[in-house]
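I have placed the structure first, in the form of structure tokens, so that the comments after it can refer back to it.
The values are calculated or read from the model by the stated rules, or taken from the named source; none is laboratory data. What you see is a predicted model, and the numbers here were worked out from it, not measured in a lab. For neighbour counting, all protein chains shown are included, and Cβ atoms are generated from backbone atoms with ideal geometry for every residue, glycine included. The area values use the complete protein model at the heavy-atom level, side chains included, leaving out ligands, DNA and RNA. Shrake-Rupley method; radii C 1.70, N 1.55, O 1.52, S 1.80 Å.
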Amino acid sequence: MTDRTEADIMNHWKRQAGLPFVTVRCAAFNQENYIEQALDSFLSQKTDFPFLIVVHDDASSDRTADRIRQYEKKYPHIVKALYETENQHSGKSVLDVMEPYFEGKYVAVCEGDDYWCDDQKLQRQFDFMEQHPECSMCVHNSVYHCVDGQDADRNFNE
């Protein structure tokens, strides 16, 4: 878990107009080995605007939900968690379950087994979107890394 405190993160928010400007959407299922890296990468974002992290555990059978609860407890104003007791994958879409909890103008997506390696990612994309109202979305380069040692060592902008 990151050492940054909730107060430290929020103290950098110059635009405190109430609601978050961005919601980070994170869906997780049986990702106890990865979820902390994902959440830490969100919490490491250096932004001048408020953001919210909505993380959804889809009834994981491992300790994913326990790890999420630790973050929810340490960052109660930033991390909002949704916990299922029955897996929703075969029923409603995860987006349908999570969408009512989104706040702000933009939604950034990162799954529970992925993470962001640039602590300026949200700020850069927010600034771009604010400067280009004709755009409805923006993306960034990605690196594909397999945990089984079979790294493709490629990025998705090839």
key: Probe 1.4 Å - accessible area at H140, Å² to nearest ten   = 90
task = Distance between Cα centroids, the stretch 97-124 to the stretch 10-76: provide it in whole Å.
result = 9
ask   = Which listed residue (Y71, F29, F49) has the Cα farthest towards the positive end of the charge dipole for the chain, taking +1 on Lys and Arg C-beta and -1 on Asp and Glu C-beta about the Cα centre?
value = F49
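Let a ≥ b ≥ c be the square roots of the eigenvalues of the Cα gyration tensor of the stretch 46-97; is it rounded (a/c under 1.5), or, if not, prolate (a/b larger than b/c) or oblate?
On the way: a/c = 3.28, a/b = 1.56, b/c = 2.10.
It comes out oblate by the Cα gyration axes.
Let a ≥ b ≥ c be the square roots of the eigenvalues of the Cα gyration tensor of the stretch 14-105; is it rounded (a/c under 1.5), or, if not, prolate (a/b larger than b/c) or oblate?
Oblate is the answer for the stretch 14-105, as a/c is 1.5 or above yet b/c matches or exceeds a/b.
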ask   = Where is the GNM fluctuation largest for the chain (alpha-carbon springs, 10 angstrom cutoff): V94, V22, V79?
value = V94
query = How big is the accessible area of D58 in square angstrom, nearest 10, if you roll a 1.4 angstrom probe over the protein chains?
reply = 10
query = Of the residues N87, N11, N141, which exhibits the maximal mean-square fluctuation in a Gaussian network model of the chain defined by a 10 Å Cα contact cut-off?
reply = N141
ask   = Can you tell which of T64, T85, T47 shows the greatest fluctuation in a Gaussian network model of the chain with Cα springs below 10 Å?
value = T85
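Would you work out the relative contact order for the chain, in percent, from Cα pairs under 8 angstrom that are 6 or more residues apart? Intermediate values should be presented prior to the final figure.
On the way: 266 pairs, mean separation 44.2, N = 158.
Computed value for the chain: 28 percent relative contact order.
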query = Hey, got the dipole for the stretch 1-50? About the Cα centre, +1 on K and R Cβ, -1 on D and E Cβ, debye to the nearest 20?
reply = 320
query = Computed from these coordinates, which is volume of the Cα convex hull per residue in Å³: (1) 97; (2) 136; (3) 117?
reply = (2)
